[in-house]
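A.B. asks: This is the structure I have questions about; it appears just below.
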Amino acid sequence: MMIIPWIFFLKEHEQLLLESFTRRWTVEGPRAVFVLPWQRVKRRGGITLGPTEYLCVSDTLSGETHNEIGPQLYFLQADEEIGEQLAAIPLKHNQYVRLMDNRSGVIRVERGEASVYPEPTEKVLDGGVQDGVNIDEHTAVLVRDTESGQLALVTEPQVFIPAPNQEIVEVRERIRLEDHEMVVVKDKFGKYTVRRGSDEERAFFLAPYAEMVTFHWSTGIHKDQRALHISRIDLRPKFMWYEFEARTQDNVELVLGITFFWRIVDVEAMVSVTDDTPGDICSHARSAIIQSVSQVTLEQFLAAFNGVVRAAVVEAKDAFYAERGVELNAVEVRSIACKDPDTQSVLQEIIRETTDRINRLQKQESENEVKLRQIQGEIEAEEMTGRLLETRRENVRTAARMEGEGEAVRVQAFFDGLDSGLSPADKVAIFNTLRKQEAIEALSAGTAQLYFTPADVDLSIETR
């Protein structure tokens, strides 16, 4: 009996997987393959890998795995299976990737520029590709040695990429203090050190195991919440509001709003004595103010509330504040309210009446000021009128004087022109006669009528 084989023509990118009773093998193209009838045949294509691709291949007999890296056309062997076709991990110059072998636990670090092909038993740590840390004068890296467990601070300028036995704990920025700032640093032994912005080394890195102390201060209008977190202490003067209840001597409950103006003068004393500076200031001042308010009536307190509060807190020279390293510069009453609504209504009425009285006084002062200005204006006008009349009178006097002097000159010239043999009386008689003639001529030139009595003209009536 003749056995007729099958013929398979393979292209260059194809292969045949052949299997008989005793073995398995592959044949790659291009070629013609004769296959016997009892042989099992499977046609399959080669796997094309690009320049940045690789193939994870496993041996079904030994269980071993390996990578096939492109670029290439890869044909699986008879006992091989495809795991995954993956892309290489590209790294730039300042990048790196950490890989750990699952079998041995060994960690290796690959840094750029490169294309990284992880082994089949390796996995990528830290979420993949990481950027190196740029270390300069303002940046440092806190690193832990995974073998010894010790911390070290790397400050040398570089692009830092950790070694396999290193892990980055923290990227630290240089702490730069302004002139008015201070920080408290706690070292690994728990000792406190104060760093000031006025020091020569005002910019520094925290050493390994050291930390900046954060203060948790009371905040809010009633200082009942530790919600203010301070790590940089500001030495400049500052203010804060506080509100509490007090009772006057005549048993009136008041709600007082106080404003404190204060500043920190001794940080070492503050750290050693208290952990809540604003809370201590407000609580202690509250006790002193309540005691002072209880010794005056409501009327007395309303008349001098700032003086009462200032005497109780600032002028008392209490050593409590100096012991905590703070200084109270001033304290003022921001608001006053009665706790009882009815009393508050009466107080508001008093305030309104006081305000109305002040308004009326100011209105009257304004009216008085207007009237005063009006009177001053009239006085100035009368003074100007008097000066005008005086000027006119002086002018008339001057004109009359000039006219009289002219007339005197004319009379003198008339007298000098008469015969020197005439007596002064004759000269005056002649002058008067001429004046009368001039007066008669002036009257005759007008419409006036002139009447003479017999005495005026020396007239007599005779009968003949």
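The values are calculated or read from the model by the stated rules, or taken from the named source; none is laboratory data. Because the structure is a prediction, the values reported are computed rather than measured. For neighbour counting, all protein chains shown are included, and Cβ atoms are generated from backbone atoms with ideal geometry for every residue, glycine included.
A.B. asks: From the list VAL116, VAL97, which one is under 57 Å from the mean Cα position of the chain (by Cα), within 30 Å of PHE205 (Cα to Cα) and at pLDDT 85 or above?
C.D. replies: Numbers: VAL116 fails: within 30 Å of PHE205 (Cα to Cα).
Of the residues listed, the single one that is under 57 Å from the mean Cα position of the chain (by Cα), within 30 Å of PHE205 (Cα to Cα) and at pLDDT 85 or above is VAL97.
A.B. asks: Tally the residues that are surrounded by 10 or more Cβ atoms within 10 Å (Cβ to Cβ) and of a type in the set (S, T, N, Q), restricting the search to region 400-431.
C.D. replies: Total meeting the criteria: 1.
A.B. asks: Quick one: which of ILE89, ILE135, ILE107 is over 19 Å from PRO51 (Cα atoms) and touching a residue at least 40 places away in the same chain (Cβ under 8 Å)? First the steps, then the outcome.
C.D. replies: Working: ILE89 fails: over 19 Å from PRO51 (Cα atoms); ILE135 fails: touching a residue at least 40 places away in the same chain (Cβ under 8 Å).
Going through ILE89, ILE135, ILE107 in turn, the sole match is ILE107.
A.B. asks: Look through ARG352, ARG324 and report the one residue that is without any contact (Cβ under 8 Å) to a residue 12 or more places away in the chain and either among the charged types (D, E, K, R) or buried (at least 19 other Cβ atoms within 10 Å of the Cβ) (or both).
C.D. replies: Being without any contact (Cβ under 8 Å) to a residue 12 or more places away in the chain and either among the charged types (D, E, K, R) or buried (at least 19 other Cβ atoms within 10 Å of the Cβ) (or both) holds for just one of ARG352, ARG324, which is ARG352.
A.B. asks: So which of PHE244, PHE261 ends up being assigned to a strand (DSSP E or B) and surrounded by 17 or more Cβ atoms within 10 Å (Cβ to Cβ)?
C.D. replies: One residue alone meets the criteria, PHE244.
A.B. asks: Further question on the same structure: Where in region 6-46 are there strands (runs of 3 or more DSSP E), lying fully within it, with 2 or more residues that are of a type in the set (Lys, Arg) and over 21 Å from GLU81 (Cα atoms)?
C.D. replies: none
A.B. asks: From the residues in region 127-136 that are surrounded by fewer than 16 Cβ atoms within 10 Å (Cβ to Cβ) and farther than 28 Å from GLU64 by Cβ, which one is nearest to the chain's Cα centre (by Cα)?
C.D. replies: Among those residues, the one meeting the criterion is ASP136.
A.B. asks: Could you count how many residues in region 305-317 are over 21 Å from CYS338 (Cα atoms) and either surrounded by 17 or more Cβ atoms within 10 Å (Cβ to Cβ) or at pLDDT 90 or above (or both)? Let's see the steps before the verdict.
C.D. replies: Applying the first criterion (over 21 Å from CYS338 (Cα atoms)) to region 305-317 yields 311, 313-317.
From the residues that got through so far, the ones that are either surrounded by 17 or more Cβ atoms within 10 Å (Cβ to Cβ) or at pLDDT 90 or above (or both) too are 311, 313-314.
Total meeting the criteria: 3.
A.B. asks: Of everything in region 214-241 that's part of a strand (DSSP E or B) and polar (S, T, N, Q), which residue is surrounded by the fewest Cβ atoms within 10 Å (Cβ to Cβ)?
C.D. replies: Checking each candidate, the answer is GLN225.
A.B. asks: Going through region 283-304 one residue at a time, which ones are assigned to a helix (DSSP H, G or I) and farther than 18 Å from ASP340 by Cβ?
C.D. replies: Correct list: SER283, HIS284, ALA285, ARG286, SER287, ALA288, ILE289, GLN291, SER292, GLN300, ALA303.
A.B. asks: May I ask you to say which residue of LEU298, LEU302 is at pLDDT below 90, surrounded by fewer than 19 Cβ atoms within 10 Å (Cβ to Cβ) and among the aliphatic types (A, V, I, L, M)?
C.D. replies: Every option except LEU302 fails the conditions.
A.B. asks: Quick check on region 197-210. Is at least one of its residues free of Cβ contacts under 8 Å to residues at least 24 places away in the same chain, closer than 25 Å to HIS138 by Cβ and in contact with an Asp or Glu (Cβ under 7 Å, 6 or more places away or on another chain)?
C.D. replies: Yes, that holds for at least one residue.
A.B. asks: Residue check, GLU80 against (1) in contact with an Asp or Glu (Cβ under 7 Å, 6 or more places away or on another chain); (2) modelled with pLDDT of 85 or more, all met but one. Which one?
C.D. replies: So GLU80 meets the others, but not (2).
A.B. asks: Something else about it: I'd like the residue in region 105-120 that is surrounded by 15 or more Cβ atoms within 10 Å (Cβ to Cβ) and in contact with a Lys or Arg (Cβ under 7 Å, 6 or more places away or on another chain) and, out of all such residues, is farthest from PRO208 (Cα to Cα).
C.D. replies: Across region 105-120, the extreme among qualifying residues is GLY112.
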